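Reading through the C-alpha cells given below for one structure.
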Amino acid sequence: MKNLFLILFILAGCVTAAALTTKQMDSQKNTLPKRSKYTFRTQFTLNDSGEYIKGVTVEGWANGQKTDFVWSHELWTKQPVDNKVAWVKETDINFDGKADLLIYLGYFGADGEGGDVYQAFVWNDKQRRFEHVEEFNQLPDPVFNKRKKTISVDYQLDYRTHVTGVYKWEDGKLKWIDGEVSVIEYEKDNNSNYIIE
C-alpha cells in the first residue's frame, strides 16, 4: 500500500510539472510580439569604394525593442547606393491573411529577362515568429494570384533556357505544380553561323 501511495505521489508530481511547463510556454508565447507590432530596420554593407551595396541586414523591432529576428546576406548582384528598391516588403505570400516578409537580394537571370529575387519569411502565428522559406529565392519576379493561391514565375535563366513555373503552398511548404523549362537548340549552317530551330 505504501508503494501505491508513493507511485501516486510521483505521478501527481509529474502531472503538476508538465502543467507548469505548459503554462510557462504559454506565458512565454504571450510575451512574444504579435505580427502587427513588427517594424523592420535595414543596414547595408558597402564595397571598399563605398559606391555599391554588397550586403543587407534586416532587424525586426516590436514595441520599441529589438526582437530575435535578424537576417543578414550578401546580395546576388551589387546595387548602387542610391538604389530606390523596396528592400523589405511586407506582403502575404502564403495566403493565410498575415503579412509575411520579402527581403530583396538582387537580380537573377540573363539579358534583362530574369527578375528581382527575394529571401522570404512566412509568419507563424502560433509560434509568433518568422520562418525562412529557403526555396523562395529561386523565384525571380514572383506573381501572386490570391484567388488561385498560387505564385507564378516566367524568366530567362540564360541565353538558351526559358523557365515558367506555378507554385502552391501544401502542408506549409512551397511546391512546384506546373510549368516547363525550354531549352533553345542551335545548329550551325555551312558558314558556321548559329541558327535557332
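Going down the list LYS89/LYS126; LYS37/LYS66; LYS34/LYS149, which pairs span over 20 Å between their C-alpha atoms?
LYS89/LYS126; LYS34/LYS149, as the Cα separations exceed 20 Å there.
Before anything else, pin down the relative contact order of region 48-157: Cα pairs under 8 Å, at least 6 apart, normalised by residue count, whole percent.
18 percent
Which of the three applies to region 29-87, rounded, prolate or oblate, going by the alpha-carbon gyration tensor with a ≥ b ≥ c and a/c under 1.5 meaning rounded?
Prolate, since a/c reaches 1.5 and a/b exceeds b/c.
Rule-based calculations on the coordinates, nothing more; no lab input. Since the model is a prediction, treat every value here as computed from it, not as a measurement.
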